[in-house]
Amino acid sequence: MPTKNDSNEIRISRIFNAPVKAVWDAWTDSEQVAVWWGPRGFTITTHSKDLKPGGYWKYTMHGPDGVEYANTTHYLEVEECKTLVYDHGSTEDQPPLFRVTVGFTEYKGKTKMEMSMTLPTPEAAEKTREIIKKAGGNSTWDRLAEYLDKETSGKEVFVINRSFNAPLNLMFEMWTNPKQLSQWLAPKGFEMQFVRCDIKPGGSSFYYMTDAGNLKMYGRAEYLEIEKPSYVVYTQQFCDEKETVSRHPMCPTWPQTMLTTVTLTEEGPEQTRVTVTWEPYKGTTPEELETFIKAKAGMSVGWTGSFDKLDEHISTAVMSKS
């Protein structure tokens, strides 16, 4: 069961599929940071930026609801391609809200970003965690992953991460055992049933999702790669009740085939990070790609709903075993 965090630090660790220099530039270049900084739906305007110890970055975040948030970053340490340390949220009238330390290191040809936010008290840290969750703040790092992927490979992808209070092997079961998977994968308000399911490399599944009988959507998946306990790759297509490939029933320009890559990373004995990368697969038309790009906010809502259900299902599974 989740326990209350009594630390005054919030820690974030991510691995990005890009070299350290590319990740550093994405963080520090004003034009690049404007593409991805902030939760989904937010944009920013930089007023000034002096990237050096003692320098300031002053910018405004524009929320999707029209609300604007003035921000000030005061840089304390700047070690190129290695470390950023800065205070966030200070004004002439108030001290900083928290101190941020970000480290960038090479990891198997990729970049590991380790970030900590230090607040005055554990209570302040817990309140900030709640604010970040409510605002979808963790999607900032998903947007960075998407931006880097596009810059390095030219591909448009959707990325979403979530940490769960579950050991790695249990989380792998949640993705590969059809009895477990059907309990949570469908979006909120929908139920999922497998007609048949063979989750293994080269295997496939045929399923449907229904919202209490008003809508019934069929789909099929083909499993390309599975590596226990950390990796699942599969394609998805909408189809009819005879398993003939068809179009999204509510969005005919949605890509016909989607590729899903699920990466499971152990963050502790009882904690696992799930990273889902979603992208159009083979033969995508320009119209389908544009639909995919414009739908990222909706994808975030849909996957968040499924992850909420997974959280609840895991809690029930853990309690039943205790």
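For the stretch 294-307, the set of residues classified as among the β-branched types (Val, Ile, Thr) and open to solvent by 60 Å² or more (accessible area, probe 1.4 Å) consists of Val301 only. Selection within the stretch 121-140: residues that are outside any helix (DSSP H, G or I) and surrounded by 14 or more Cβ atoms within 10 Å (Cβ to Cβ). The member of this set that is modelled with the highest pLDDT is Asn138. When you look at Lys58, is it without any contact (Cβ under 8 Å) to a residue 24 or more places away in the chain, touching a Gly at 6+ places or on another chain (Cβ under 8 Å) and more than 20 Å from Glu146 (Cα to Cα), yes or no? So Lys58 fails the test. Scanning the stretch 158-165 turns up one or more residues that are part of a strand (DSSP E or B) and either more than 21 Å from Gly268 (Cα to Cα) or open to solvent by 50 Å² or more (accessible area, probe 1.4 Å) (or both). Selection over the stretch 221-235 of residues that are in a strand (DSSP E or B), touching a Ser or Thr at 6+ places or on another chain (Cβ under 9 Å) and open to solvent by 40 Å² or more (accessible area, probe 1.4 Å) gives a count of 5. If you go through the stretch 266-289 and keep only what is out of contact with any helix residue (DSSP H, G or I) (no Cβ under 7 Å at 6 or more places or on another chain), of a type outside the set (Ser, Thr, Tyr), open to solvent by 40 Å² or more (accessible area, probe 1.4 Å) and touching a residue at least 24 places away in the same chain (Cβ under 8 Å), you end up with Glu267, Pro269, Glu270, Gln271, Lys282, Gly283, Glu287, Leu289.
Given the structure, is Trp254 in contact with a Ser or Thr (Cβ under 9 Å, 6 or more places away or on another chain) and part of a loop (DSSP other than H, G, I, E, B)? Yes: the conditions hold for Trp254. Applying the criterion of being more than 25 Å from Gly66 (Cα to Cα) and aliphatic (A, V, I, L, M) to the residues of the stretch 8-34, the residue that is most open to solvent (accessible area, probe 1.4 Å) is Ile15.
Can you confirm whether Asn169 is out of contact with any Cys (no Cβ under 8 Å at 6 or more places or on another chain), open to solvent by 50 Å² or more (accessible area, probe 1.4 Å) and more than 30 Å from Ile293 (Cβ to Cβ)? For Asn169, the condition - out of contact with any Cys (no Cβ under 8 Å at 6 or more places or on another chain), open to solvent by 50 Å² or more (accessible area, probe 1.4 Å) and more than 30 Å from Ile293 (Cβ to Cβ) - is met. Inspect all residues belonging to the stretch 35-50 and state whether any of them is loosely packed, with under 13 Cβ neighbours inside 10 Å and among the polar types (S, T, N, Q). So far as the stretch 35-50 goes, yes, one or more of its residues are loosely packed, with under 13 Cβ neighbours inside 10 Å and among the polar types (S, T, N, Q).
So, in the stretch 253-265, exactly how many residues are under 14 Å from the mean Cα position of the chain (by Cα) and open to solvent by 30 Å² or more (accessible area, probe 1.4 Å)? Counting residues in the stretch 253-265 that are under 14 Å from the mean Cα position of the chain (by Cα) and open to solvent by 30 Å² or more (accessible area, probe 1.4 Å) gives 2. If you filter the stretch 74-96 down to residues that are outside any strand (DSSP E or B) and within 26 Å of the chain's Cα centre (by Cα), you find that the one that is farthest from Trp24 (Cα to Cα) is Gly89. Please go through the stretch 276-291 and pick out each residue that is farther than 15 Å from Ile160 by Cα and touching a Phe, Trp or Tyr at 6+ places or on another chain (Cβ under 9 Å). Pro280, Thr284, Glu288, Thr291, listed by residue number. When the criteria are applied in full, Thr263 meets the requirement of being of a type outside the set (D, E, K, R), touching a strand residue (DSSP E or B) at 6+ places or on another chain (Cβ under 7 Å) and within 18 Å of Ala145 (Cα to Cα).
When the stretch 186-219 is limited to residues that are basic (Lys, Arg) and part of a strand (DSSP E or B), the one that is most open to solvent (accessible area, probe 1.4 Å) turns out to be Lys216. Of the residues Arg99, Arg143, the single one that is surrounded by 14 or more Cβ atoms within 10 Å (Cβ to Cβ) and assigned to a helix (DSSP H, G or I) is Arg143.
The values are calculated or read from the model by the stated rules, or taken from the named source; none is laboratory data. Note that the structure is predicted; figures quoted are calculated from it, not measured. Every residue, glycine among them, receives a Cβ derived from its backbone with ideal geometry; neighbour counts consider all protein chains shown. Remember, those area values only see protein heavy atoms, side chains included, never the ligands or the DNA or RNA. Shrake-Rupley method; radii C 1.70, N 1.55, O 1.52, S 1.80 Å.
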